[in-house]
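S.K.: What follows is a single structure, and I will ask about it in a moment.
The values are calculated or read from the model by the stated rules, or taken from the named source; none is laboratory data. None of these values were measured; they are calculated from a predicted model. Positions of Cβ are backbone-derived with ideal geometry, glycine not excepted, and every protein chain shown enters the neighbour counts.
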Amino acid sequence: MGFETLTITSAGGRTEAQFVPAVNMVCCSLVHDGVERLELRRGLAAYAQAGKTMGIPLLYPWANRLARLGYRAAGKHVTLDESDERIPRDSEGLPIHGVVAGYLGWEVTDAATPDSIDAHLAWTSEELLELFPYRHEVRVNLGVADGELMIATTVHATGDEPVPVSFGYHPYMRNPSAPRDTWEVELAASRRLVLDERGIPTGEREPVTQIQVTLEHSSWDTPFDGLAHPARWRATGGNAAMTVTFRSGYDFAQVFAPAEQEFICFEPMTATTNALNSGDGLRIVPPGGEHRAEFTVRLAGESPNR
């Protein structure tokens, strides 16, 4: 399956990013100094067809899991069909990461430059409103500089009803210059959210007592709040580093780094997992209003094999 990609390149030529408008504007490549720094996992086709995440995907209209096949938010009660192929599921059968990417096609504006892209997604079709019944528009502004990718996302409530905001991103970052168990990680939060056995927050918090750790053989799928402003999440190893900075609009995070996998994800989230049900951290944008959130990925170093 082939997909049209858009490529932007930094003015200095050291950093290049590729995006796929027909597949939820996913960032499918981020090359710095000739080295791919994203984990591409099962590839674009699996992401487009089944929601198997890779690269830097937008998790929309909710990030991570819902506790059930439905939700109640902003005055509406939504029931999802367990047989609906538009909704990916986790291993327990819970809805995860919003709508399958192949149903989310973006339009690119004429404002694109060699190092930036502007695009928008109109949430107005009956097919999308069945799953998330709030009329709105999502806009992204994407830009690269040497060693840095910027992603800004704005939800604008275009209808006459409020819109709940519960999206996030899932950047799969890799460091080819050092094995994962040697990576040093710096956290940017003061609290950890307690999860139940399904990975759903219970509402309890625990203090973060150590903000600098070595990954070694640990496994992470951990949510946080009480973030620094701005929140800078960093992983270093060998001669390379990667920093994800939440500049604005993101008050929650998830760190995903499964054991024996050569990647780490510092996930910016506008609300907690299951916020469409719990209301925890859920923003409600009034008619005509908007919410803008921005983060950057900063890269340094290169593979010694280059």
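S.K.: Residues in region 248-257: is at least one under 21 Å from Leu59 (Cα atoms) and touching a Pro at 6+ places or on another chain (Cβ under 6 Å)? Working first, answer last.
M.R.: In the first step, residues of region 248-257 are kept if they are under 21 Å from Leu59 (Cα atoms); the result is 248-257.
Filter once more, keeping what is touching a Pro at 6+ places or on another chain (Cβ under 6 Å): 250, 254.
Yes, because at least one residue in region 248-257 is under 21 Å from Leu59 (Cα atoms) and touching a Pro at 6+ places or on another chain (Cβ under 6 Å).
S.K.: With the checklist (1) among the charged types (D, E, K, R); (2) loosely packed, with under 12 Cβ neighbours inside 10 Å; (3) under 23 Å from Gly288 (Cβ atoms); (4) free of Cβ contacts under 8 Å to residues at least 24 places away in the same chain in hand, flag the one item Glu82 doesn't pass.
M.R.: (3)
Yes or no, residue by residue, for (1) in contact with a strand residue (DSSP E or B) (Cβ under 7 Å, 6 or more places away or on another chain); (2) of a type in the set (Asp, Glu); (3) surrounded by fewer than 17 Cβ atoms within 10 Å (Cβ to Cβ); (4) on the phi > 0 side of the Ramachandran plot:
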site	(1), (2), (3), (4)
Thr243	yes, no, no, no
Ser248	yes, no, yes, no
Gln254	yes, no, no, no
Ala257	yes, no, no, no
Cys265	yes, no, no, no
Leu276	yes, no, no, no
Gly281	yes, no, no, yes
Glu294	yes, yes, no, no
Ala300	yes, no, yes, no
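S.K.: Could I ask something else about it? Given the criterion modelled with pLDDT of 95 or more, part of a strand (DSSP E or B), of a type in the set (S, T, N, Q) and closer than 27 Å to Val31 by Cβ, identify the matching residue among Thr245, Thr222. If you could, list the steps in order and put the result at the bottom.
M.R.: Details: Thr222 fails: closer than 27 Å to Val31 by Cβ.
The unique qualifying residue is Thr245.
S.K.: Tell me, which residue of region 1-47 that is hydroxyl-bearing (Ser, Thr, Tyr) and assigned to a strand (DSSP E or B) is surrounded by the fewest Cβ atoms within 10 Å (Cβ to Cβ)?
M.R.: The qualifying residue surrounded by the fewest Cβ atoms within 10 Å (Cβ to Cβ) is Thr7.
Here is a yes/no grid of residues against (1) β-branched (Val, Ile, Thr); (2) touching a helix residue (DSSP H, G or I) at 6+ places or on another chain (Cβ under 8 Å); (3) part of a loop (DSSP other than H, G, I, E, B):
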| residue | (1), (2), (3) |
| --- | --- |
| Tyr71 | no, yes, no |
| Ser83 | no, no, yes |
| Ile87 | yes, no, yes |
| Glu92 | no, no, yes |
| Gly102 | no, yes, no |
| Asp118 | no, no, no |
| Pro133 | no, no, yes |
| Val138 | yes, no, no |
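S.K.: Name the one entry in Pro230, Pro286 that is over 18 Å from Phe167 (Cβ atoms) and surrounded by fewer than 18 Cβ atoms within 10 Å (Cβ to Cβ). Even if it seems obvious, please write down each step before you answer.
M.R.: On the way: Pro286 fails: over 18 Å from Phe167 (Cβ atoms).
None of the other options fit; the residue is Pro230.
S.K.: Ala253 - would you say it is among the hydrophobic types (A, V, I, L, M, F, W, C) and in a loop (DSSP other than H, G, I, E, B)?
M.R.: Judged against the criteria, Ala253 is not a match.
S.K.: Here's a follow-up. Examine region 48-57 for a residue that is of a type in the set (Ser, Thr, Tyr), in a strand (DSSP E or B), at pLDDT 95 or above and touching a helix residue (DSSP H, G or I) at 6+ places or on another chain (Cβ under 9 Å), and state whether such a residue exists.
M.R.: No, region 48-57 contains no residue that is of a type in the set (Ser, Thr, Tyr), in a strand (DSSP E or B), at pLDDT 95 or above and touching a helix residue (DSSP H, G or I) at 6+ places or on another chain (Cβ under 9 Å).
S.K.: State yes or no: is Ala178 closer than 30 Å to Leu80 by Cβ, out of contact with any helix residue (DSSP H, G or I) (no Cβ under 8 Å at 6 or more places or on another chain) and crowded, with 18+ Cβ neighbours inside 10 Å? Step through it out loud before you land on a result.
M.R.: Working: closer than 30 Å to Leu80 by Cβ: no; out of contact with any helix residue (DSSP H, G or I) (no Cβ under 8 Å at 6 or more places or on another chain): yes; crowded, with 18+ Cβ neighbours inside 10 Å: yes.
When the stated conditions are applied, Ala178 does not pass them.
S.K.: Would you call Glu127 within 30 Å of Leu299 (Cα to Cα) and at pLDDT 95 or above?
M.R.: The answer is no for Glu127.
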